[in-house]
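What follows is one structure encoded as structure tokens, with my remarks underneath.
The values are calculated or read from the model by the stated rules, or taken from the named source; none is laboratory data. Computed from a prediction, not measured in an experiment: that's the story for all the values here. FYI the Cβ positions are ideal-geometry reconstructions off the backbone, even for glycines, and counts take in every protein chain you see.
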Amino acid sequence: MAPALIIACGALARELTAVIAANGWQHVQVQCLPADLHNRPEKIPDAVREKIRAGRAHFGRILVAYADCGTGGLLDRVLEDEGVERLPGAHCYEFYAGAAAFAAIAEAEPGSFYLTDFLVRHFERLVIRELGIERHPELAPQYFGNYRRLVYLAQHADAQLQEQARQAAARLGLAFEYRFTGYGDLARTVVGFYRGAARDPDTEQQTWQS
């Protein structure tokens with residue numbers, strides 16, 4: 001089959017690599033953009049467009065492993081122009097949990113702050129340092145005063161990560177809730193992409209189970 005490319009947010013690198021390895025796919029490559037782009041979402045569409053255009057000469061099919069991710073529809077305009085699909089939903093919380101489940105979680109408590117495995121691992125850098133809380137702890141109530149709980153949407157059942165997420169909630173003064181999601185629509189979308197990219201469907205040996 002022709003080589004296929006997944007252009008991904010760096011926050012999804014570990015999970016995408018796991019899906020590809022579990023299925024034994026030899027013709028799918030992942031190229032990641034920095035996860036820090038989420039702090040400047042207006043830069044995501046142009047960065048993705050550049051990757052798509054660079055990849056066309058080498059790959060027969062391309063998937064963008066981003067949701068809207070705060071671009072306000074601008075990423076979708078780029079993808080429509082380029083004829084490329086992306087992951088479903090507004091953000092990674094939605095495609096991990098599934099749209100219906102995430103809507104129910106959000107409706108139950110609108111004042112929810114969410115973490116994934118990646119965000120738990122990088123909580124200190126991406127939340128505490130990036131928001132200036134490390135230097136100015138008094139900023140925490142200003143940023144999180146309208147939140148009531150921290151919801152950890154876990155991709156792996158990892159006791160250490162769960163405890164780190166619990167500590168993060170305590171640090172922000174929020175109630176803690178744990179939900180195991182697995183890979184959700186991320187895995188399903190990538191498997192569907194592979195099936196579409198494969199010339200011979202009989203070459204597919206395994207479907208990832210999160």
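Points to keep in mind about this one:
Residue by residue, here is whether (1) of a type outside the set (Asp, Glu); (2) touching a Phe, Trp or Tyr at 6+ places or on another chain (Cβ under 9 Å); (3) surrounded by 14 or more Cβ atoms within 10 Å (Cβ to Cβ) holds:
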{"site": "ILE52", "(1), (2), (3)": "yes, no, yes"}
{"site": "PHE59", "(1), (2), (3)": "yes, no, yes"}
{"site": "THR71", "(1), (2), (3)": "yes, no, yes"}
{"site": "ALA100", "(1), (2), (3)": "yes, no, no"}
{"site": "SER112", "(1), (2), (3)": "yes, yes, yes"}
{"site": "GLN160", "(1), (2), (3)": "yes, no, no"}
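- When MET1 is tested against the conditions (1) farther than 27 Å from ALA154 by Cα; (2) aliphatic (A, V, I, L, M); (3) assigned to a loop (DSSP other than H, G, I, E, B); (4) free of Cβ contacts under 8 Å to residues at least 40 places away in the same chain, the lone failure is (4).
- Members of the range 73-114 that are assigned to a loop (DSSP other than H, G, I, E, B) and either β-branched (Val, Ile, Thr) or free of Cβ contacts under 8 Å to residues at least 24 places away in the same chain (or both): GLY73, GLY83, VAL84, ALA90, PRO110
- PHE113 vs. criteria within 18 Å of the chain's Cα centre (by Cα), under 26 Å from ILE52 (Cβ atoms) and not assigned by TED's automatic domain parsing to the domain that holds ILE52: no
- Per-region count, the range 129-158, residues buried (at least 18 other Cβ atoms within 10 Å of the Cβ) and either among the aliphatic types (A, V, I, L, M) or within 18 Å of the chain's Cα centre (by Cα) (or both): 7
- Failed condition for GLU42, given (1) touching a Ser or Thr at 6+ places or on another chain (Cβ under 8 Å); (2) in the same structural domain as ARG188 (by TED's automatic domain parsing); (3) touching a residue at least 60 places away in the same chain (Cβ under 8 Å): (3)
- Residue list for the range 18-50, filter: in a helix (DSSP H, G or I), of a type outside the set (A, V, I, L, M, F, W, C) and surrounded by 14 or more Cβ atoms within 10 Å (Cβ to Cβ): ASN23, ASP36, HIS38, PRO41, LYS43, PRO45, ARG49
- Residue pairs meeting the criteria (Cβ under 8 Å; at least 6 apart or on separate chains; first assigned by TED's automatic domain parsing to the domain that holds LEU161 and at pLDDT below 95, in the range 124-138; second surrounded by 14 or more Cβ atoms within 10 Å (Cβ to Cβ) and assigned to a loop (DSSP other than H, G, I, E, B)): VAL127/ILE133
- Enumeration of residues in the range 153-184 that are among the aliphatic types (A, V, I, L, M) and touching a Ser or Thr at 6+ places or on another chain (Cβ under 6 Å): LEU153
- Filter pass, ILE62 being β-branched (Val, Ile, Thr), closer than 17 Å to ALA13 by Cβ and either modelled with pLDDT under 95 or in contact with a helix residue (DSSP H, G or I) (Cβ under 6 Å, 6 or more places away or on another chain) (or both): yes
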